[in-house]
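**Q** Take this structure first; my questions come after.
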Amino acid sequence: MKTKYISTFAAVAVIVFLIAFIACNSGKNKEYTETFFAMDTVMSITAYGPQAEEGINKARQEINRLDQLLSVNNENGITYRINTAGQDAVSVADEPDVKALIEEALTISRLTAGSFDITIGPLVKAWGFTEEEFNVPDDFEIKKLLEKVDFNNIEIGNDSITLKNDSRLDFGAIAKGYAADAAVKALKDAGVKKALVNLGGNIYALGTDEKGEDWIIGIKDPYSEEAILGRISVTDRAVVTSGNYERYFEKDGKRYWHILDPETGYPADSGLVSVTIISDNSTYADAMSTAAFVMGAEKTKEIYELSKDFEYILVTKNGELITSEGVSLK
Ligand code: ADP
Ligand code: MG
């Protein structure tokens, strides 16, 4: 009797052990997170499932590759080469990302009547945001530099890019979004189905969370260090916020921030302090969040009405919260 009891106990124990072993090693719920620095910001990716680690490694490689290509300060990168080529055509035959990104940027420039403009580079530099040596340029200098800011100065050839009229590229408002799309593709290619990608505030929620439910994303309150405006629940969506409360400097009691109005050359002052765009395309969401910040609430709504291919959450200078019809903030 006793022997039987012990052997039954042992058998159960072996089965329990086996189940636990299989569960751990099947990797079904395996969670893997990596936090790293790229594109001038802190990034983190959390992924679930057996391919989590491999997927994150691939995503990270993609982000680093794009960082090298798109940085205006990397002397060995294609963006730097285009920016220093004068009026000469620069071959992008081996750089499909740069051409694709410029094409997407130009589409959004046209859609927003130039509120989004990747030739804003010379002004961003003059205000000191490129090297973080802040400076308030005088009106004359701004006027001169504005002559170089025009997305129509970018000429796309079959395999080349030419910058006319001394224009300079600046991918600051779109690179992280593009990198997030590339990271999500890398994760998916590796077989990852659930992940949260956060590239310095450019968030992409892939699939569902660990429990199979929609991802819950908190939207930061621009008026508070810790508080959030509320939460949205999303799946397979980019959530990107642009604001004037994180990257700015103050001089003589005035605040100057890093999103500039290509029309005036000064920090965009459309009445908004924060813009969040939700879309299935992170490149689009990143560019549109910057554009909406420049355009203001009314024009953003007009563009929204054209296609409704994104949703928005805006916060105004007066603390008013404006959301598009597809947003449910809880
Ligand atoms: P962040 O990078 O802080 O998330 P954005 O996506 O709004 O914010 O990008 C801001 C950056 O984009 C600036 O630092 C500058 O390099 C560039 N930029 C500023 N104004 C514009 C504009 N009107 N259109 C395109 N790029 C801009
Ligand atoms: Mg942006």
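The values are calculated or read from the model by the stated rules, or taken from the named source; none is laboratory data. Treat the numbers as computed from the prediction; the structure is a model and nothing was measured. Don't worry about glycine lacking a Cβ; one is built from the backbone with ideal geometry, like all the others, and counts go over all protein chains shown. Surface areas here come from the heavy atoms of the whole protein model, side chains and all, with no ligands, DNA or RNA. Shrake-Rupley method; radii C 1.70, N 1.55, O 1.52, S 1.80 Å.
**Q** Summing -39500 (n - 2.57) over the DSSP H runs of n ≥ 4 in the chain and dividing by its residue number, what mean residue ellipticity at 222 nm do you reach, to the nearest 500 deg cm²/dmol?
**A** Calculated at 222 nm, the ellipticity per residue is -11500 deg cm²/dmol.
**Q** Let me ask something additional. State the extension gain, in nm to one decimal, for the chain segment bounded by LYS164 and GLN87, taking 0.36 nm per residue of separation less the distance between their alpha-carbons.
**A** Difference between extended and current length: 27.2 nm.
**Q** Give me the distance in nm between label points sitting 7 Å out from Cα along the Cα-to-Cβ direction at ASP269 and ASP139, one decimal.
**A** 1.3
**Q** A further question follows. So how much accessible area does PHE134 have, in Å² to the nearest 10, using a 1.4 Å probe?
**A** 90
**Q** Looking only at VAL124, VAL275, VAL240, which one moves most when the chain is put into a Gaussian network model with springs between Cα atoms under 10 Å?
**A** Result for the chain, Cα springs under 10 Å: VAL124 fluctuates most.
**Q** If Rh is defined by the Kirkwood formula over all Cα pairs and Rg also comes from Cα, what ratio Rg/Rh do you get for the range 204-313?
**A** 1.01
**Q** Separate question: Check which residues have an amide H placed less than 5 Å from GLY230's amide H, if you skip close sequence neighbours.
**A** Under 5 Å from the amide H of GLY230: ILE219.
**Q** Going by alpha carbons, how many degrees (0 to 90, nearest 10) lie between the helix axis of 96-111 and the longest principal axis of the chain?
**A** 60
**Q** Calculate one ³J(HN,Hα) per residue across the range 117-123 by plugging θ = phi - 60° into the Karplus curve 6.51 cos²θ - 1.76 cosθ + 1.60, and present them in order as whole Hz with x for glycine and proline.
**A** Karplus values, whole Hz, x for Gly and Pro: 8, 6, 8, 6, x, x, 6.
**Q** Quick one: which residues, 5+ away or cross-chain, put their amide H under 5 Å from the amide H of ALA38? H built at 1.01 Å from N.
**A** MET43
**Q** Then there's this: Once both axes come from the Cα atoms, what is the angle between helix 175-189 and the longest principal axis of the chain, in degrees from 0 to 90, rounded to 10?
**A** That works out to roughly 30 degrees.
**Q** Please provide three numbers in whole Å: the alpha-carbon extents of the range 30-154 along the principal axes, with the largest listed first.
**A** Projected onto the principal axes, the Cα atoms of the range 30-154 cover 58, 35, 31 Å.
**Q** Quickly rank 36-43, 172-179 as a protection proxy: mean count of other C-beta atoms within 10 Å, highest first. Don't jump to the answer; show the numbers that get you there.
**A** Values: 36-43: 15.4, 172-179: 27.1.
Packing proxy ranking, top to bottom: 172-179, 36-43.
**Q** Something else: Counting only residues 5 or more places away or on other chains, whose amide H sits under 5 Å from the amide H of LYS194 once H atoms are built in the peptide plane?
**A** TYR48
**Q** Among the lysines, which fall within straight-line cross-link reach of LYS308, defined as a Cα-Cα distance under 18 Å, with same-chain neighbours fewer than 8 residues apart omitted?
**A** Partners within reach: LYS299.
**Q** Put +1 on the Cβ of every Lys and Arg and -1 on every Asp and Glu Cβ in the chain; which of SER167, ASN244, VAL294 then has its Cα farthest towards the positive end of the dipole?
**A** Selected residue: ASN244.
**Q** So, one more: If the viscosity is 0.890 mPa s and the temperature 25 °C, what translational diffusion coefficient in µm²/s does Stokes-Einstein give for the range 58-130 when Rh comes from Kirkwood over Cα pairs?
**A** Numbers: Rh = 13.6 Å.
Estimated via Stokes-Einstein, D reaches 181 µm²/s.
**Q** Determine ³J(HN,Hα), in whole Hz, for all residues of the range 30-40 in sequence, where each value follows from phi through the Karplus function 6.51 cos²θ - 1.76 cosθ + 1.60 and θ = phi - 60°; x replaces Gly and Pro.
**A** Per-residue couplings from phi come out as 4, 10, 9, 10, 9, 10, 8, 10, 7, 6, 6 Hz.
**Q** Next question, about the same structure. List, largest first, the extents of the alpha carbons of the chain along their principal axes, each in whole Å.
**A** That works out to 99, 47, 39 Å along the principal axes.
**Q** In terms of solvent-accessible area of protein heavy atoms at a 1.4 angstrom probe, what is the ranking of TYR256, TYR312, highest value first?
**A** Result of the area sort, largest leading: TYR256, TYR312.
**Q** Under 23 Å between alpha carbons, and skipping anything fewer than 8 positions from LYS58 in its own chain: which lysines qualify?
**A** Reachable lysines: LYS28, LYS30, LYS99, LYS176, LYS185, LYS188, LYS193, LYS194.
**Q** For the chain, give the magnitude of the charge dipole about the Cα centre (Cβ charges: +1 Lys/Arg, -1 Asp/Glu; no others), in debye to the nearest 20.
**A** It works out to roughly 1540 debye.
**Q** Determine which lysines satisfy two conditions relative to LYS144: a Cα distance under 24 Å, and not lying fewer than 8 residues away in the same chain.
**A** Cα-Cα hits under 24 Å: LYS125, LYS164, LYS251, LYS254.
**Q** State log₁₀ I(q)/I(0) for the range 109-197 at q = 0.23 Å⁻¹ as given by the Debye formula over alpha-carbon point scatterers of equal weight, solvent excluded.
**A** One equal scatterer on each Cα of the range 109-197 leads to -1.13.
**Q** Right, here's the next one. Loop-only GluC sites (Glu not before Pro) in the range 114-216, please: DSSP not H, G, I, E or B, and at most 16 other Cβ atoms within 10 Å.
**A** Here the GluC sites (Glu not before Pro) that fit, given the DSSP loop and packing criteria, are GLU131, GLU132, GLU133, GLU147, GLU210, GLU213.
**Q** Which one of SER224, ALA59, ALA179 is farthest out on the positive end of the charge dipole of the chain, using unit charges on Cβ (Lys, Arg +1; Asp, Glu -1) and the Cα centre as origin?
**A** Going by the Cα projections, it comes out as ALA59.
**Q** Between PHE36 and GLU131, what length in nm is gained on full extension when 0.36 nm per residue of separation is reduced by their alpha carbon distance?
**A** Details: separation 95, 0.36 × 95 = 34.20 nm, distance 2.11 nm.
Difference between extended and current length: 32.1 nm.
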